[in-house]
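The values are calculated or read from the model by the stated rules, or taken from the named source; none is laboratory data. Remember, predicted model here, so these are calculated numbers, not experimental data. Please note: Cβ atoms are built from the backbone with ideal geometry, for glycine as well, and neighbour counts cover all protein chains shown.
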Amino acid sequence: MNTSLTVQAAVLDAPGGLLSLQTLELEAPRDHEIRVRVVASGVCHTDIAVMGRPFPVDRPIVLGHEGAGVVESVGRAVTKVRPGDRVVMSYNFCGACPSCLARAPSYCHYFFGSNFLGQRADGSTALSRQDGPVRHHFFGQSSFATHCLCTERNVVKVPDSVPDALFEILGPLGCGMQTGAGAIVNVLRPGLGESVVVFGTGAVGLAGIMAAHAIGAGPVIAVDRVRSRLDLALEIGATHTLLADGQTDLAAEIRKICPHGANVSLDTTAVSSVLRQAIDCLGPLGRCGFVGGAPLGSTLEVDVRDMMLHGKSLRGIVEGDSNADVFIPELIRMQAQGRFPFEKLVRRYPLSEIQAAIDDSRAGRTIKPVVMMPG
Ligand SMILES: NC(=O)c1ccc[n+]([C@@H]2O[C@H](COP(=O)([O-])OP(=O)(O)OC[C@H]3O[C@@H](n4cnc5c(N)ncnc54)[C@H](O)[C@@H]3O)[C@@H](O)[C@H]2O)c1
Ligand SMILES: [Zn+2]
Ligand SMILES: [Zn+2]
């Protein structure tokens, strides 16, 4: 029988505050909802950004949006998954607006409300504690918890062929990995032998590098301020690395590798001056994509004449334009073939050490923390 459940979750109580482990009550799934026993959850830079700056999100809230787990119970209207199914959760969308109907759900007209507010469309939340409601439904999941509710729209069944050791780190495919890989494969689409420059080699940038290498693009140039990340980039598909140390003339170095300018660039740093470099390094008909969650009000100055005369294009990208039901199984197949070794980015932490996972990510020590739920 579907009843409410006592769960453990990492709760954010105040802006800029630390997460604390608390015992909460999770409602039983409604007709269209699915209760998942979370096995593990990736930590995405977006979770950290929401923690760190004033954000129009009510607190207390449970964050986390890269969850993998096992379906425990389903509402009466759910047909897509059954109890016992292993799933990955991805971002949420409304399913009915013009973008969703046009199969572009990451540009859902209600993306912000569906993912950041920590509430259902009717304003309710499924989590509570003694002193009142706790925000849930962050990216349709709030996966920093032992259990959560999601819906058919943002859940993807994991193929039976996937071993458990891999299954438990699949959550990041639901955001960071599909964002970087999808930006390259679905949006910027470098052709065989076309050059790609990726600015920022965190989880998203490295996913882009693996994808660019996998589809035969090259040279693939990785740019970052952290040397160890560049070393990993070389291991998983970059052909060249450039250290953004403030002294290297990046534009000149890129021109040495791509004399006519790059075909494709991807900025993942969320720094406007870096995005400008990503546009400037392009050659004629070059395509620049950017995914970084820049601070509210960030602006960018571009050289209009250069962009026009060289036919350059600039595209903001959300979630790699990924249709998770299609793209996540593709990434799983690529991983099995050794062409998308995202496991090399992962470091596991117990839920009790989630704050250390976040601190290590912030400090650049860990690229993709994955928090393991107890049991
Ligand atoms: N658009 C989307 O759908 C989407 C999805 C997931 C993440 N994001 C955003 O994408 C961004 C990247 O996420 P991530 O998890 O890879 O973060 P991350 O912090 O792990 O990676 C960012 C990298 O950029 C590097 N960097 C920062 N400033 C730099 C500079 N001036 N020059 C060169 N390198 C620099 C950092 O050293 C780091 O390696 C974040 O802003 C995140 O919020 C967006
Ligand atoms: Zn929509
Ligand atoms: Zn994310």
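Which fully enclosed helices (runs of 4 or more DSSP H) of the range 267-375 have 2 or more residues being over 29 Å from GLU152 (Cβ atoms)? First the steps, then the outcome.
On the way: elements: 272-280, 304-309, 324-336, 354-362.
Those helices (runs of 4 or more DSSP H) span 272-280, 304-309, 354-362.
Scanning for something more than 18 Å from ALA68 (Cα to Cα), in contact with a strand residue (DSSP E or B) (Cβ under 6 Å, 6 or more places away or on another chain) and not β-branched (Val, Ile, Thr), does the range 160-167 turn up at least one residue? Walk me through it before giving the result.
Within the range 160-167, the first condition is being more than 18 Å from ALA68 (Cα to Cα), and the residues that meet it are none.
No, there is no match, as no residue in the range 160-167 is more than 18 Å from ALA68 (Cα to Cα), in contact with a strand residue (DSSP E or B) (Cβ under 6 Å, 6 or more places away or on another chain) and not β-branched (Val, Ile, Thr).
Just to confirm my filter: which strands (runs of 3 or more DSSP E) fall fully inside the range 1-44 and include at least 3 residues that are polar (S, T, N, Q)?
Details: elements: 5-12, 19-26, 33-42.
Of the strands (runs of 3 or more DSSP E) lying wholly inside the range 1-44, those with at least 3 residues that are polar (S, T, N, Q) span 19-26.
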*May I ask you to say which residue of SER90, SER106, SER114 is without any contact (Cβ under 8 Å) to a residue 40 or more places away in the chain and within 16 Å of ligand 3 (Cβ to nearest atom)?*
SER114
*When the residues of the range 82-98 are filtered to those that are over 22 Å from LEU166 (Cβ atoms) and buried (at least 18 other Cβ atoms within 10 Å of the Cβ), which remaining residue is nearest to ligand 2 (Cβ to nearest atom)?*
PHE93
*Residues satisfying the stated conditions in the range 169-212, i.e. more than 16 Å from ligand 3 (Cβ to nearest atom) and closer than 17 Å to TYR91 by Cβ*: ASN186, VAL187
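One line per residue, one yes/no per condition, for (1) out of contact with any helix residue (DSSP H, G or I) (no Cβ under 8 Å at 6 or more places or on another chain); (2) surrounded by fewer than 24 Cβ atoms within 10 Å (Cβ to Cβ):
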site: ALA9; (1), (2): yes, no
site: THR23; (1), (2): yes, yes
site: GLU27; (1), (2): yes, yes
site: ARG30; (1), (2): yes, yes
site: SER41; (1), (2): no, no
site: ILE61; (1), (2): no, no
site: ARG76; (1), (2): yes, yes
site: ARG103; (1), (2): yes, yes
*Close pairs (6 angstrom Cβ cut-off, 6 or more residues apart or separate chains): charged (D, E, K, R) in the range 163-188, more than 11 Å from ligand 1 (Cβ to nearest atom) anywhere*: GLU168/VAL39; GLU168/ALA40
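Could you tell me which of the residues ILE367, ILE328 is in the same structural domain as PHE111 (by TED's automatic domain parsing), surrounded by 16 or more Cβ atoms within 10 Å (Cβ to Cβ) and within 16 Å of ligand 3 (Cβ to nearest atom)?
Working: ILE328 fails: in the same structural domain as PHE111 (by TED's automatic domain parsing).
The match here is ILE367.
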